[in-house]
Structure formats: structure tokens, C-alpha cells
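Down below is the structure, laid out as C-alpha cells.
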């Protein structure tokens, strides 16, 4: 199950019983990767997203992981620092967002008073970059304390790690900006720190090569990801999770060079194509998003060749149980 933001945590960022029910319903998936979960106050961008850096967060996630494990599932918490994709109205401290550089992103952020332009962020100092790495490390330790089987770095979709990788969001002139070697430094440093903290077998990393979402310009994407994958491979996290939307030549380059499990997600696949990359030898695991959102018993439905529920986009973000825990299941003998 691929990570999907659902905006249904408590205002303080703690998962609660509704979240525990949602994830436990989907425990038959081979692995659940949770929604993006902020490692700090600075890491929050959206309303009602969960955190994993306070005792309250740990207790909330413990409720989730206990339910998933009792149902026979496994669960990794995705660590998502949004960087500049934020608005002060949505964060606990109401401060200016932070990013590699002071470059305002295009687009608007939904807040309690409606959509607002995202402000220009404040560039992180070197000391703050080091502190952010410590925040990730602390969050990973908290995730394990909460009973998670591991964590996944969100290095995709225009959030903080992806901002460091990009050319337009990262205009630094120090060792974290400029060349590809410098732009991948933050990603590899935080991964190495968390691997040291909780072990490589409990760490995954997600990327989205060529994805311009959230106003990202990567430059030479193929060269960027060849460099990033090469350095991450030296650390040997448990898996690499690729959102694959275009460059299959890059995926074919990655495949023989990646030393552990390779997960591939292709948005919009038909049900009969879910396993295409596994069958073709390009991946070890396929991840699915909205299909598992709408079908808590997706595995049983696929095994029985049964009809699938259609996801309702109007209930993706925010709200209660409707469109979250009330999708019907199929009684499969």
C-alpha cells in the first residue's frame, strides 16, 4: 500500500481510533506505507496530518501499529518534511516555512480560511540542516518506539528532500547546492543518520524521477537519479520506492544496481497491470495507492477476480469515516 495523505489526524497531529481502523482494515497488504508524517513542527504543511515527534504522537501511532500487527500486517511510517510547501496558518508554531533556499513556490495551500498563496520560505542555515537531520533521526526512533516496522523517507513529489535535489528550489552556494553531488548530499546524509539509528533493514526511500509536482525543476533527471541511487545503494536501506511515470530507461538502469528490494509504483495502472514490473523483472514489489484506499480487502478481491470499489476523490482529504473506513468489503470464501 503506497503512502496517501488523508488529513484525518487530531489537530495536534496524533493518530486516533479512526486512523487505527483505516490501517487495520488494510492489513492484508504485504506492507502498509503510511501517509506522510512530519518529523517536526517545521515539517508540517497540510492540515490534520500526523506527526511522529511527541509522546502523544507515539501513543497514537502505537494504537495504529498494534491494530495492524494484530491483523497480521506490517507497517512503515513515511517521514515527510514538506519544506516550502506549507503555510504558517497550518503549523503549530505559525512560523515562516523553511527550505534549501528562499524561493517561493507557485501554487496555493489550503488553510482553514481557504486557499492561500504559499509564502517565500526561509533558507535553512547549515546548523539548521544539521538539526533537521537530527529531527529525522529522532522521528525514526519515535516510529520504532511506536511499534512501526520501519520508516520510509519521502524524497519525492516536491517536498523538502526533493527540494534539495532540484535546481530551482535549491540555489545554495555551499556544499548542499549547485552540483548534483552537492544537491544529493542532504538526502544521503539523513538516510545514513537514520540507518545508523534504527538499522538499514528498517529504512526505505521514495523518489519520483522527473516529477514537476509542487513547482520542481530537477534539471538533468537521469544524471541526478543515477548519482542519488549510487550513493543510497552504498548505505543499503531495505528498499527503494520509485514512482514511475516516464523514464523506463532510468528504471532499467537502476534495477541491476540496486542492492536490496525495489518497489515500483505506476499511478493509474489497470488491475491486470499491477504486477507488470515484477513480471518483467524490473521490480520486486508493486505498490498501489487509490486502489487500496477504496478496497480495504484488495488482496482478496484480486485473488477472486472480483469487482473493485471505485475511489471517491471528494473524500480523499479531510472528513470522517465516509470515504475512509466505510468502503464495503467483499465476503470471499
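The values are calculated or read from the model by the stated rules, or taken from the named source; none is laboratory data. Nothing here was measured: the structure is a model prediction, and the numbers come from that model. With ideal geometry, Cβ positions are generated from the backbone for all residues, glycine too; neighbour counts draw on all protein chains shown.
For the stretch 92-104, a residue qualifies if it is in contact (Cβ under 8 Å) with a residue 12 or more places away in the chain and either on the phi > 0 side of the Ramachandran plot or surrounded by fewer than 21 Cβ atoms within 10 Å (Cβ to Cβ) (or both), and the qualifying residues are 92, 93, 95, 96, 102, 103, 104.
From the list 36, 30, the lone residue that is touching a residue at least 60 places away in the same chain (Cβ under 8 Å), under 18 Å from residue 318 (Cβ atoms) and either in contact with a strand residue (DSSP E or B) (Cβ under 8 Å, 6 or more places away or on another chain) or part of a loop (DSSP other than H, G, I, E, B) (or both) is 36. Tell me whether the stretch 70-81 contains one or more residues that are assigned to a loop (DSSP other than H, G, I, E, B) and either modelled with pLDDT under 95 or touching a helix residue (DSSP H, G or I) at 6+ places or on another chain (Cβ under 6 Å) (or both). Within the stretch 70-81 (the criterion being assigned to a loop (DSSP other than H, G, I, E, B) and either modelled with pLDDT under 95 or touching a helix residue (DSSP H, G or I) at 6+ places or on another chain (Cβ under 6 Å) (or both)), the answer is yes, since at least one residue qualifies. Checking each residue in the stretch 248-264 for being surrounded by 15 or more Cβ atoms within 10 Å (Cβ to Cβ) and closer than 12 Å to residue 209 by Cβ picks out 250, 251, 253, 254, 264. Test residue 314 against the criterion of being touching a strand residue (DSSP E or B) at 6+ places or on another chain (Cβ under 9 Å), closer than 23 Å to residue 16 by Cα and assigned to a helix (DSSP H, G or I), and give yes or no. Judged against the criteria, residue 314 is not a match.
A single member of 306, 300 is surrounded by fewer than 17 Cβ atoms within 10 Å (Cβ to Cβ) and either outside any loop (DSSP other than H, G, I, E, B) or in contact with a strand residue (DSSP E or B) (Cβ under 6 Å, 6 or more places away or on another chain) (or both), and it is 300.
Give the residues of the stretch 39-66 that are in a loop (DSSP other than H, G, I, E, B), over 12 Å from residue 5 (Cβ atoms) and in contact with a helix residue (DSSP H, G or I) (Cβ under 7 Å, 6 or more places away or on another chain), sorted by residue number. Walk me through how you get there before you give the answer.
Pass one, the stretch 39-66, residues in a loop (DSSP other than H, G, I, E, B): 39-40, 44-50, 52-54.
Adding the requirement that they be over 12 Å from residue 5 (Cβ atoms) leaves 39-40, 52-54.
39, 40, 52, 53, listed by residue number.
Of the residues making up the stretch 168-190, those that are under 15 Å from residue 99 (Cβ atoms), surrounded by fewer than 21 Cβ atoms within 10 Å (Cβ to Cβ) and within 21 Å of the chain's Cα centre (by Cα) number 0. Listed conditions (1) surrounded by fewer than 17 Cβ atoms within 10 Å (Cβ to Cβ); (2) closer than 28 Å to residue 148 by Cβ; (3) more than 18 Å from the chain's Cα centre (by Cα) are all met by residue 201, apart from (3). Within the stretch 210-227, take every residue that is out of contact with any strand residue (DSSP E or B) (no Cβ under 7 Å at 6 or more places or on another chain) and surrounded by 21 or more Cβ atoms within 10 Å (Cβ to Cβ) and give me the one that is nearest to residue 87 (Cα to Cα). Across the stretch 210-227, the extreme among qualifying residues is 214. Applying the condition of being in contact (Cβ under 8 Å) with a residue 60 or more places away in the chain and not in a loop (DSSP other than H, G, I, E, B) to the stretch 284-297 and asking which residue is surrounded by the most Cβ atoms within 10 Å (Cβ to Cβ) yields 293. When 45, 107 are screened for being within 29 Å of residue 285 (Cβ to Cβ) and touching a residue at least 24 places away in the same chain (Cβ under 8 Å), only 45 passes.
Based on what the data block shows, is residue 281 over 25 Å from residue 163 (Cβ atoms), over 17 Å from the mean Cα position of the chain (by Cα), modelled with pLDDT of 95 or more and outside any helix (DSSP H, G or I)? For residue 281, the condition - over 25 Å from residue 163 (Cβ atoms), over 17 Å from the mean Cα position of the chain (by Cα), modelled with pLDDT of 95 or more and outside any helix (DSSP H, G or I) - is met.
Return yes when residue 67 is touching a residue at least 40 places away in the same chain (Cβ under 8 Å) and either out of contact with any strand residue (DSSP E or B) (no Cβ under 9 Å at 6 or more places or on another chain) or more than 28 Å from residue 176 (Cβ to Cβ) (or both) and no when it is not. So residue 67 fits the description; yes.
Let me confirm something: among 254, 243, 263, which residue is in contact (Cβ under 8 Å) with a residue 60 or more places away in the chain and closer than 25 Å to residue 184 by Cα?
On the way: 254 fails: in contact (Cβ under 8 Å) with a residue 60 or more places away in the chain; 263 fails: in contact (Cβ under 8 Å) with a residue 60 or more places away in the chain.
Within the list 254, 243, 263, the selection yields 243.
Return the only residue of 82, 64 being under 20 Å from the mean Cα position of the chain (by Cα), more than 22 Å from residue 156 (Cα to Cα) and crowded, with 24+ Cβ neighbours inside 10 Å. Before the answer, list the steps.
Numbers: 82 fails: more than 22 Å from residue 156 (Cα to Cα).
That would be 64, the only listed residue that is under 20 Å from the mean Cα position of the chain (by Cα), more than 22 Å from residue 156 (Cα to Cα) and crowded, with 24+ Cβ neighbours inside 10 Å.
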